[in-house]
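Below is one structure, written out as structure tokens; comments come after it.
The values are calculated or read from the model by the stated rules, or taken from the named source; none is laboratory data. All values derive from a computational prediction rather than experimental measurement. Here the Cβ positions follow ideal geometry from the backbone for every residue, glycine too, while neighbour counts run over all protein chains shown. Only protein heavy atoms, including side chains, enter the accessible area calculation; ligands, DNA and RNA are left aside. Shrake-Rupley method; radii C 1.70, N 1.55, O 1.52, S 1.80 Å.
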Amino acid sequence: MTSAAMSAPAGVLGVISPRGRVLPVVTVVAVILALWYLLAVALNYTRVSELLAGADPDYTISDVIKGAWTMERPVLPAPDQIATDLWNATIGLKVTSKRSLVYHAGVTASATLLGFLFGTILGIVLAAGIVHVRTLDRSLMPWIIASQTVPILAIAPMVIVVLGNVGITGLIPKSLISAYLCFFPVTIGMVKGLRSPDPLQMDLMRTYSAGTMQVFWKLRVPASIPFLFASLKVAIAISLVGAIVAELPVGGAGLGARLLSGSYYGQMVQIWSALFMAAFLGMALVYAIAGIEWLILRRAGARA
Amino acid sequence: MPSEPTAKVVDLPSRGKNPGGKAAASDTIIDIRNLSLTFQTADAPVFALSNIDLQVRAGEFVSLIGPSGCGKTTLMRIVADLEQPTEGSVTVNGVSPREARLKRSYGYIFQAAALYPWRNVLRNVELPHEIMGVAKEEREAKARRYLELVGLKGFEKKYPWQLSGGMQQRVSIARALSFDPQLLLMDEPFGALDEITRDRMNEELLQIWEKTRKTVIFVTHSIDEAVLLSTKIVVMSARPGRIIEVIDSTLPAKRTLDTRETPAALDLAHRVRLGLKAGHSYD
């Protein structure tokens with residue numbers, strides 16, 4: 001999926017980094033970094049001043065700042081510390097290493113994608129049922145909405161533990177959590193999309209005496225594609241969240257497991273690295289979807 | 001009607017109710033008798049159509065003209081089985097509108113082109129054949145032929161948004177013609193076009209009709225258009241929607257845009273205008 005985004009022509013890249021917008025983007029990043037460094041000083045101040053006071057009571061304010069940005073176990077690490085750790089954990093290590101963030105991101109990504117696949121299929125099937133069967137429309141929708149009000153953090157450990165007890169471990173339980181989260185936007189978007197043909201387009205099919213399946217494949221599905229992709233972008237992002245949440249209770253491999261062990265050992269730098277890795281992974285996934293959308297819509301004659 | 005093979009061509013009275021039992025001519029394509037349609041709304045029933053009697057013979061070009069809300073579109077939708085009458089009977093090719101629709105015996109052209117934006121022009125015209133399960137080569141060849149007929153050769157690979165409104169409507173005409181139905185139902189097809197484009201489309205429609213000699217029912221607001229195109233003009237009035245007058249055209253078979261300026265055409269237009277006025281005085 002990522003390769004599609006990589007090989008996608010300038011149209012997609014144009015979305016990612018539109019020309020002439022570099023300066024504003026850089027400015028925003030610079031402001032965020034500056035604030036971050038200030039915040040790092042403020043949050044680490046107490047610990048740093050304690051440490052400095054223990055060694056030499058005549059410390060200066062520049063000692064405090066320097067100390068706050070280079071602490072081994074900071075409350076809030078400085079951005080360059082996170083960047084260094086990220087670098088070391090990705091480029092600096094073999095992908096096969098258990099400490100490589102690429103490896104962990106890969107584990108999370110596979111659960112995310114599998115869950116996304118399950119969720120998308122479930123979402124589309126539910127939407128097709130809801131659009132065609134009035135009873136399903138009335139009976140299913142409240143349950144679908146209710147399913148999303150259940151806090152995932154509460155049921156994820158239960159699902160993992162229960163499935164673990166019956167011998168299902170690894171990828172499947174994690175992707176089920178992902179699927180549970182991500183079918184929802186797909187259902188909502190596809191119900192809207194499958195109902196989007198206007199009455200005239202539907203009447204036209206009727207004048208040809210088209211069957212329900214023909215109307216579905218030749219009219220409803222093509223008309224729903226823009227809605228589908230809007231939903232898929234939301235779905236893949238929350239599918240990633242689901243996978244990470246599912247990794248929290250069990251540990252082992254994956255970005256969620258890195259978050260868990262980081263907080264267990266008080267390794268704030270490790271936690272932040274894992275968070276950034278998750279953010280990068282999420283961006284890559286969403287842009288991959290955008291790339292596929294661009295390719296499909298271009299094939300379907302969308303305006304350039 | 002096949003059920004009554006001995007029936008002679010009967011010129012039905014253009015005004016008033018059909019006494020019933022009168023047989024239609026054997027080449028009658030559409031036979032509407034005593035038809036009424038009432039919509040039940042929350043506050044009061046709306047009498048969309050009331051006591052409609054109309055016979056259309058093969059090869060006729062019949063225009064339905066009248067003010068907005070007179071039910072002319074509804075009447076055509078009933079013929080197309082897109083709407084159900086509350087009273088009376090309709091036959092299309094001697095069978096019910098539903099059977100006629102299932103046999104795909106008419107092509108419907110809507111006020112908007114109703115093209116599918118994700119299909120290019122060629123594939124839009126192929127759509128009816130695709131649904132009917134015609135083989136790829138055959139439906140493509142037919143689509144290309146009818147696109148040529150409506151003057152859109154070379155536009156096969158364009159998408160609807162790349163075409164003007166007039167061209168889009170021509171694509172929809174090619175699409176309706178592509179599977180060669182005997183009957184064309186045209187619902188204000190040029191209503192959304194500017195006058196210049198409309199004139200050109202009228203001219204092309206005359207040529208197409210000359211070449212194909214299909215039976216056409218044509219809904220319009222425009223007196224000029226009705227006079228120029230029709231062999232029979234049905235004047236309707238609103239609330240309840242009913243037929244005021246059926247005028248047979250006195251114009252020659254061969255027509256051009258200039259035909260509109262001839263005394264016969266002006267006289268015909270005058271009669272239509274009088275009919276519309278008469279309908280108006282009822283409310």
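For A:VAL245, indicate whether it is away from chain B (no Cβ under 14 Å), over 30 Å from B:ASP81 (Cα atoms) and open to solvent by 60 Å² or more (accessible area, probe 1.4 Å). No: the conditions fail for A:VAL245. Scanning segment B:117-158 for residues that are within 14 Å of chain A (Cβ to nearest Cβ) and of a type in the set (A, V, I, L, M) returns B:VAL121, B:LEU122, B:VAL125, B:LEU127, B:ILE131, B:MET132, B:VAL134. On inspection, A:TRP272 fails the criterion of being aromatic (Phe, Trp, Tyr) and within 26 Å of B:TYR159 (Cβ to Cβ). Does A:ARG195 satisfy the condition of being surrounded by fewer than 17 Cβ atoms within 10 Å (Cβ to Cβ), of a type outside the set (A, V, I, L, M), more than 14 Å from chain B (Cβ to nearest Cβ) and touching a helix residue (DSSP H, G or I) at 6+ places or on another chain (Cβ under 9 Å)? Spelling it out, A:ARG195 is indeed surrounded by fewer than 17 Cβ atoms within 10 Å (Cβ to Cβ), of a type outside the set (A, V, I, L, M), more than 14 Å from chain B (Cβ to nearest Cβ) and touching a helix residue (DSSP H, G or I) at 6+ places or on another chain (Cβ under 9 Å). When A:SER224, A:SER261 are checked against the criterion of being crowded, with 18+ Cβ neighbours inside 10 Å and among the hydroxyl-bearing types (Ser, Thr, Tyr), A:SER224 stands alone in meeting it. Residue count for segment A:198-216 under the criterion of being within 9 Å of chain B (Cβ to nearest Cβ) and either within 31 Å of the chain's Cα centre (by Cα) or polar (S, T, N, Q) (or both): the result is 4. Looking across segment B:100-110, the residues that are at the interface with chain A (Cβ under 9 Å from one of its Cβ atoms), touching a helix residue (DSSP H, G or I) at 6+ places or on another chain (Cβ under 8 Å) and either touching a residue at least 24 places away in the same chain (Cβ under 8 Å) or in a loop (DSSP other than H, G, I, E, B) (or both) come down to B:ARG104, B:TYR106, B:GLY107, B:TYR108, B:PHE110.
Could we say that B:VAL56 is within 13 Å of chain A (Cβ to nearest Cβ) and at pLDDT 90 or above here? In short, no. Among the residues of segment B:174-195, the ones that are within 26 Å of B:GLY69 (Cα to Cα) and either touching a Phe, Trp or Tyr at 6+ places or on another chain (Cβ under 8 Å) or surrounded by fewer than 20 Cβ atoms within 10 Å (Cβ to Cβ) (or both) come to 12 in all.
Just one residue in the set B:THR259, B:THR215, B:THR250 is under 21 Å from B:ARG198 (Cα atoms) and either in contact with a Pro (Cβ under 7 Å, 6 or more places away or on another chain) or open to solvent by 10 Å² or more (accessible area, probe 1.4 Å) (or both); that residue is B:THR259. Within this structure, A:GLY256 fails the test of being in contact (Cβ under 8 Å) with a residue 60 or more places away in the chain, open to solvent by less than 40 Å² (accessible area, probe 1.4 Å) and either assigned to a loop (DSSP other than H, G, I, E, B) or not assigned by TED's automatic domain parsing to the domain that holds A:ILE124 (or both). Considering only residues in segment B:159-173 that are open to solvent by less than 40 Å² (accessible area, probe 1.4 Å) and more than 22 Å from A:ARG299 (Cβ to Cβ), the one that is nearest to the other protein chains (Cβ to nearest Cβ) turns out to be B:SER172. Of note, B:ALA278 does not satisfy the criterion of being in a loop (DSSP other than H, G, I, E, B) and either buried (at least 17 other Cβ atoms within 10 Å of the Cβ) or not aromatic (Phe, Trp, Tyr) (or both). Taking the criterion of being assigned to a loop (DSSP other than H, G, I, E, B) and more than 8 Å from chain A (Cβ to nearest Cβ), the residues of segment B:82-99 that qualify are B:GLU83, B:GLN84, B:PRO85, B:THR86, B:ASN93, B:GLY94, B:SER96.
Applying the condition of being of a type in the set (Gly, Ala, Ser) and in contact (Cβ under 8 Å) with a residue 24 or more places away in the chain to segment B:65-99 and asking which residue is surrounded by the fewest Cβ atoms within 10 Å (Cβ to Cβ) yields B:SER68.
To keep it simple, each residue is scored yes or no on (1) under 30 Å from A:LEU43 (Cβ atoms); (2) outside the structural domain of A:LEU43 (by TED's automatic domain parsing); (3) β-branched (Val, Ile, Thr).
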| residue | (1), (2), (3) |
| --- | --- |
| A:ILE91 | yes, yes, yes |
| A:THR120 | no, yes, yes |
| A:GLY123 | no, yes, no |
| A:SER139 | no, yes, no |
| A:ILE152 | yes, yes, yes |
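Being in the same structural domain as A:THR108 (by TED's automatic domain parsing), in contact (Cβ under 8 Å) with a residue 12 or more places away in the chain and closer than 18 Å to B:ARG123 by Cβ is a property that holds for A:PHE216.
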